[in-house]
Amino acid sequence: MRKKIVAGNWKMHKNAAQTKELLNELLTQIPAETAAQVIVAPTFVNLASAVENLTHSNISVAAQNVHQAESGAFTGEISADMLKSVGVNTVILGHSERRAIFHETDALIASKVNTALKHDMTVIFCFGEELKDRQSGNHFNIVENQLKDGLFHIEAKDWEKIVLAYEPVWAIGTGETASPEQAQDMHEFIRETVRKAFGSDVAEDVSILYGGSVKPDNAKEIFSKPDVDGGLIGGAALNAKDFIAIVTSI
C-alpha cells in the first residue's frame, strides 16, 4: 500500500550536540500519530546516536549514502552492513548533489541500489532534471532515463523496498519551486512509466516524494496532488518548527 512519507535530508549539517537538540525538539513536538511516515537523515557520525534517541518513537533514521562494495580499501566510505549494524535500514541514493558534485553515474547508483536491496534496506531513489533540460523541453526524457537506468533492472518484488524522490535540480536550494501542477504532471508521468514496465500494482503502491524546496507555506498544496505522496525535505528539515509544519500538512 502506498505510504505518505516526509523525509528530512540534513546533508552536512548539525554536529553531535546540535543533532541531539533537533531530535529532542522533534520527539517532543511531532504528534504521536501522523498521517505521514517521518524519516530523518543525519550525517554518518550521528546515525547511531539518532537511532538510539529515536527508539520507541514514530521517527525512523536514514543514511544519506552507501558504498556499493561489501567492504574493502575504500577510504572514507561506509558499507550497507555498517549501516545495518547500527540500526539504519533506509538509505538515500542518487541525490542530485551526489550526481553533480561527486559525479555519480546512473550505473554507479544502480550498483548501490543492488547492494542496499541485498541487505534488505529501503532505498529512497532520487532523480530529476536540471534547468536546461526543462527549458529545452527534454525534462521527461531525462527523468525517464534516470529512472530506467537506475532502477528498472530490479525485480517487481523489490519495489516494496523502493521510494521514489523526484527532485527538479533547478528548485533545490534556489528558493525556486515547481508549481503544484508541474509537480503533479511529473509525478503522474513517473507513475505511468513504472506502470508500463512493472504493472499497475507496483505503480500504485510506490510512494513518489517531491524534493524541490518544500516549505511550510507550500507543502499542503503540493502534497494535495494525487500523485505526490510526500516530500524529501532539505533546508526546512533543519528547523524543527518548519519540519513539523510540513509533516502535519499531510
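The values are calculated or read from the model by the stated rules, or taken from the named source; none is laboratory data. Only a predicted model underlies this, so the values are computations on that prediction, with no experimental measurement involved. Every residue, glycine as well, gets a Cβ built from its backbone with ideal geometry; the counts of neighbours run over all protein chains shown.
Tabulated values for the structure
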| quantity | calculated |
| --- | --- |
| Condition check for residue 110: in contact with a His (Cβ under 9 Å, 6 or more places away or on another chain), in the same structural domain as residue 163 (by the TED database) and more than 18 Å from residue 246 (Cβ to Cβ) | yes |
| Long-range neighbours under 8 Å by Cβ, at least six apart or interchain, first residue in the same structural domain as residue 19 (by the TED database) within region 41-52, second β-branched (Val, Ile, Thr) and surrounded by fewer than 17 Cβ atoms within 10 Å (Cβ to Cβ) | 47/86; 48/86; 51/86 |
| Residues within region 146-169 that are touching a residue at least 60 places away in the same chain (Cβ under 8 Å) and over 17 Å from the mean Cα position of the chain (by Cα), tallied | 0 |
| Scan of region 191-216 for residues that are closer than 16 Å to residue 156 by Cα and of a type in the set (A, V, I, L, M, F, W, C), ordered by number | 194, 197, 198, 202, 203, 206 |
| Criterion (over 30 Å from residue 152 (Cβ atoms) and charged (D, E, K, R)) met by exactly one of 84, 3, 20 | 20 |
| Subset of region 148-168 [under 17 Å from residue 228 (Cα atoms) and surrounded by 22 or more Cβ atoms within 10 Å (Cβ to Cβ)] | 163, 164, 165, 166, 167, 168 |
| Some residue of region 88-106 being on the phi > 0 side of the Ramachandran plot and either of a type in the set (A, V, I, L, M) or in contact with a Ser or Thr (Cβ under 9 Å, 6 or more places away or on another chain) (or both) | no |
| Residue match in region 81-91 (condition: in contact (Cβ under 8 Å) with a residue 60 or more places away in the chain, among the aliphatic types (A, V, I, L, M) and not assigned by the TED database to the domain that holds residue 148) | no |
| Residue 143 closer than 16 Å to residue 209 by Cβ, touching an Asp or Glu at 6+ places or on another chain (Cβ under 8 Å) and in contact (Cβ under 8 Å) with a residue 60 or more places away in the chain | no |
| Filter result for residue 199 (of a type in the set (Gly, Ala, Ser) and at pLDDT below 95) | no |
| Selection within region 39-80 - buried (at least 17 other Cβ atoms within 10 Å of the Cβ) and of a type in the set (Ser, Thr, Tyr) | 43, 60, 79 |
